[in-house]
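*Asks:* My questions will all concern the structure given below.
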Amino acid sequence: MKNVTVLAGGVGGARFTRGLLGHLAGVAPEAAVTVVVNTGDDMWLDGLRICPDLDTVMYTLGGGINEEQGWGRPAETRRAAAEIAAYGRGWSWFTLGDLDLATHIVRTDLLRSGSTLSEATDFLCRRWQPGARLLPMSDQPVETHVRLAADIDEHRAGELMHFEEWWVRYRAGIAVTEFVQVGLADAVAAPGVLEAIENADLIILPPSNPVVSVGTITAVPGIRSALRSTPAQVVGVSPIIGGAAVRGMADACLHTIGVATSAEAVGLHYGARAAGGLLDAWLIDVTDAAALPVLAAAGIRSTAVPLWMTDLPTTTAIAAAALDLGA
Ligand code: FO1
């Protein structure tokens, strides 16, 4: 087991990868992990380029994450944000902490000096030493927006709203008709991404949001076909346990695309590789074991293990189960 490539979004993908690194350190210290990270949540805010999932993965693997929140830094203050709000600028409902702002300032400084997002990410990781290579899915902006089903506040039905406003300001609690990836037509996979998929010994789809994280990454031109042609096994880990989203409001995203909130439905949504889909194997929670026969009939090798990532040992055990399933 030399090269493992993970396609990750925010909190779930970051925590899973932390467990994976912990497990590999014991059983395969020579293994190298590459994380292809969703940039669909990225935005310009207060003149700064905010990359929520890249930062969540970097902070989580680098030991700088606010563990309770799953995002941002611990022991944060909001003095600069309060001053920005006093000017009536920014998003009052989106917390940019003082420590976190430094990351956005340095990244924006690098981007304005001509660095690509990949180069800026490499630079930030020199400080955080995540123990894995972090690659943005693309160096071009591909921002997830939602199309509103009805008027809300200053927004009108039919309009596009940035995903983060839907997710954070409205807690995904207002109806939307579709997800739109603004910029997708002009985007290509970032340098190293397709190679990290083609040269992997194992590829893992961790328990990230299947729509706006894994779905966004696999929509970037070239990535889905690389996943379908790579010799590596592709193993997914269900983000749905017992019919409920483990984190966030993944159920609101699945509902929007007409997929039921179940381990079975998400596995079938990703699809069996032999049938034109992405998965060779699918790891589900023990409470969803009834889905095993259906998944097997669909050509998806599956097994059921405890999937709650309650702490590092349980997450490490989940990573071990994913590696076993991919062997
Ligand atoms: N999530 C929230 O629910 N509220 C916030 O105010 C918030 C701020 C924020 C700032 C920087 C950052 O990197 C992430 C932040 N997040 C916040 C989390 C973010 O919405 C999620 O990490 C992803 O976009 C979804 O996985």
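Residues checked against (1) more than 23 Å from the chain's Cα centre (by Cα); (2) free of Cβ contacts under 8 Å to residues at least 40 places away in the same chain; (3) surrounded by fewer than 16 Cβ atoms within 10 Å (Cβ to Cβ):
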{"position": "71", "(1), (2), (3)": "no, no, no"}
{"position": "78", "(1), (2), (3)": "yes, yes, yes"}
{"position": "95", "(1), (2), (3)": "no, yes, yes"}
{"position": "101", "(1), (2), (3)": "no, no, no"}
{"position": "121", "(1), (2), (3)": "no, no, no"}
{"position": "125", "(1), (2), (3)": "no, no, no"}
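*Asks:* Sticking with this one: State whether one or more residues within the stretch 200-209 are at pLDDT 95 or above, more than 15 Å from the ligand (Cβ to nearest atom) and either in contact with a His (Cβ under 7 Å, 6 or more places away or on another chain) or in a helix (DSSP H, G or I) (or both).
*Replies:* No: the stretch 200-209 contains no residue that is at pLDDT 95 or above, more than 15 Å from the ligand (Cβ to nearest atom) and either in contact with a His (Cβ under 7 Å, 6 or more places away or on another chain) or in a helix (DSSP H, G or I) (or both).
*Asks:* Right, another one. So if I check each of 120, 190, 132, 172, which one is closer than 19 Å to residue 10 by Cα, touching a Lys or Arg at 6+ places or on another chain (Cβ under 6 Å) and not β-branched (Val, Ile, Thr)?
*Replies:* 120
*Asks:* Would you mind stating whether residue 67 is surrounded by fewer than 21 Cβ atoms within 10 Å (Cβ to Cβ), more than 15 Å from residue 128 (Cβ to Cβ) and within 24 Å of the chain's Cα centre (by Cα)?
*Replies:* yes
*Asks:* Consider residue 304 against the criteria (1) closer than 28 Å to residue 70 by Cα; (2) assigned to a helix (DSSP H, G or I); (3) of a type in the set (Gly, Ala, Ser): it satisfies all of them except one. Which criterion is unmet?
*Replies:* (2) is the only condition that residue 304 fails.
*Asks:* Out of 234, 212, I need the residue that is away from the ligand (no atom under 16 Å from the Cβ) and either part of a loop (DSSP other than H, G, I, E, B) or in the same structural domain as residue 14 (by TED's automatic domain parsing) (or both). Which one?
*Replies:* 234 is the lone residue from the list that is away from the ligand (no atom under 16 Å from the Cβ) and either part of a loop (DSSP other than H, G, I, E, B) or in the same structural domain as residue 14 (by TED's automatic domain parsing) (or both).
*Asks:* What is the one condition in (1) within 16 Å of the ligand (Cβ to nearest atom); (2) assigned by TED's automatic domain parsing to the domain that holds residue 293 that residue 195 does not satisfy?
*Replies:* Of everything listed in (1) within 16 Å of the ligand (Cβ to nearest atom); (2) assigned by TED's automatic domain parsing to the domain that holds residue 293, residue 195 misses just condition (1).
*Asks:* Continuing with this model, one more query. Give the residue that is nearest to the ligand (Cβ to nearest atom), with candidates limited to residues of the stretch 77-104 that are more than 20 Å from residue 120 (Cα to Cα) and outside any loop (DSSP other than H, G, I, E, B).
*Replies:* 81
*Asks:* Let me ask another. Wholly within the stretch 1-48, which strands (runs of 3 or more DSSP E) include no fewer than the required count, namely at least 3 residues that are more than 10 Å from the ligand (Cβ to nearest atom) and among the charged types (D, E, K, R)?
*Replies:* none
*Asks:* For the list (1) touching an Asp or Glu at 6+ places or on another chain (Cβ under 9 Å); (2) of a type outside the set (Lys, Arg); (3) modelled with pLDDT under 95; (4) not in a helix (DSSP H, G or I), I need the number of the one condition that residue 248 fails.
*Replies:* With respect to (1) touching an Asp or Glu at 6+ places or on another chain (Cβ under 9 Å); (2) of a type outside the set (Lys, Arg); (3) modelled with pLDDT under 95; (4) not in a helix (DSSP H, G or I), residue 248 is out only on (1).
The values are calculated or read from the model by the stated rules, or taken from the named source; none is laboratory data. As the structure is a computational prediction, the values presented were derived from the model and not from experiment. Glycine also receives a Cβ, built like all others from the backbone with ideal geometry; neighbour counts cover every protein chain displayed.
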